[in-house]
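Derivation of every value follows stated rules applied to the coordinates shown; laboratory data play no part. Small disclaimer: the values here were computed from a predicted structure and weren't measured. Virtual Cβ from ideal backbone geometry, glycine too; neighbours counted across all protein chains shown.
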Amino acid sequence: MAGMAKALTLSFSSSSSRNLILWPHHHLPIPNWSWRHKRTPTMAMAKVVPAVIVGSGRVGRALQEMGNGQDLVVKRGQPVPLDFVGPILVCTRNDDLDAVLQATPPSRWNDLVFFQNGMLEPWLNSKGLSDAEQVLAYFAVSKLGETPVDGKTDTNPEGLTAAYGKWAPAVAARLHAAALSCKVLDKEAFQKQMLEKLIWISAFMLVGARHPGATVGVVEKEYRSEVSSLIVELASAAAAEKGLVFDEAMEDRLCAYSRAVAHFPTAIKEFKWRNGWFYSLSEKAIAQGKPDPCCLHTAWLKELKIV
């Protein structure tokens, strides 16, 4: 109809394409939304706090793309500046964390936000960082520069990514600006989710390694009984060690996530930070003359000659 503004429909490519209807203001030009940011008008106006991003790999590059152009990217071996106010988003491999800490002024350690997978607690505690901030990133970046795909599942359609600490709201705002989910949790709730993800990666990677070539999706579909047994065992051991109770239906949640990232390959990597934590529980129990709390896990590690 004459005089009536027309709707502009933008389609974005992602794991679940969505259309956004933008009604342009009469006095403002239609913004040129970047496909890479996937922003809605509300998200685009949200302030993204500038950050130091340590690491320029897939996750680091994706976080930079979510920013407003004021971030500072620090590559491996480069010092973290003392005078850059804001969070320090650490997106390196776990084995590079010692070097990152050495390159960061101690006065800025309380601004570090760790994006690593796996069990960081022993390392963090050894560095006096028991309250360090962390992010559980349930989004996938398959190749450098590609758009992140949110790890939403049929059991958790609201998304699984979570952040803990003083900079958690800023991290969540950055991810929301790219149409990615992120919850802000307290430490106890975050720890339970961290352990669930540790159980997921340890169980699915180990079962997949027993069946060469199996992806995460194949493990969930064809070797469900094996991975289910391992999930139950690892969850029991983790709950006993940490003195907590997991929410019900963990297996359903972890298998749903596996269906969401079914194409992921399986392999035992970063053993010290993943399966190694559960194996350390086994070693401790055996040294004390107690039964192995992760006997199936131990047996399969030995079968594969990993231990």
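For the reader, a short list of remarks on this structure follows.
- If R0 is 35 Å, the Cβ-Cβ spacing of Glu303 and Lys242 corresponds to a FRET efficiency of close to 0.80.
- Total formal charge among the other residues, if their Cβ is under 15 angstrom from that of Glu226, Lys/Arg +1 and Asp/Glu -1: -2
- Net lengthening on full extension, Lys221/Asp252 (0.36 nm per residue, minus Cα-Cα): 9.9 nm
- DSSP H segments from the chain that extend 27 Å or more along their own axis, Cα-based, with Kyte-Doolittle mean of -1.0 or above: 187-210
- Here the sum of -39500 (n - 2.57) over DSSP H runs of 4 or more residues, divided by the residues of the chain, equals -11500 deg cm²/dmol at 222 nm, to the nearest 500.
- Net charge of Cβ neighbours under 13 Å - reference Ile53; Lys, Arg +1; Asp, Glu -1: +2
- One entry in (i) 28.9, 108; (ii) 19.4, 58; (iii) 21.2, 84 is Rg and Dmax of the Cα atoms in Å calculated from the shown coordinates; its label is (iii).
- Cβ-defined net charge surrounding Ser282, 12 Å radius [Lys, Arg +1; Asp, Glu -1]: -1
- Between Ile53 and Leu72, Val73, Val74, Leu89, the built amide H atoms are under 5 Å apart, and every one of these is 5 or more places off in sequence or on another chain.
- Cross-link partners for Lys221 among the aspartates and glutamates, with Cα-Cα distance under 18 Å and sequence neighbours closer than 8 places in the same chain left out: Asp154, Glu251, Asp252.
- Within the straight-line cut-off of under 16 Å between alpha carbons, the aspartates and glutamates reachable from Lys290 are Glu233, Glu241, sequence neighbours fewer than 8 places apart in one chain being disregarded.
- Sequence-distant lysines (8 or more away, or on other chains) whose Cα lies within less than 16 Å of Lys305: Lys269, Lys272
- Two-site label geometry, Thr155 and Ala287: point separation in nm, points 7 Å out along Cα→Cβ: 3.4
- The calculated FRET efficiency for the pair Leu144 and Asp83, based on their C-beta separation and a Förster distance of 30 Å, comes to about 0.55.
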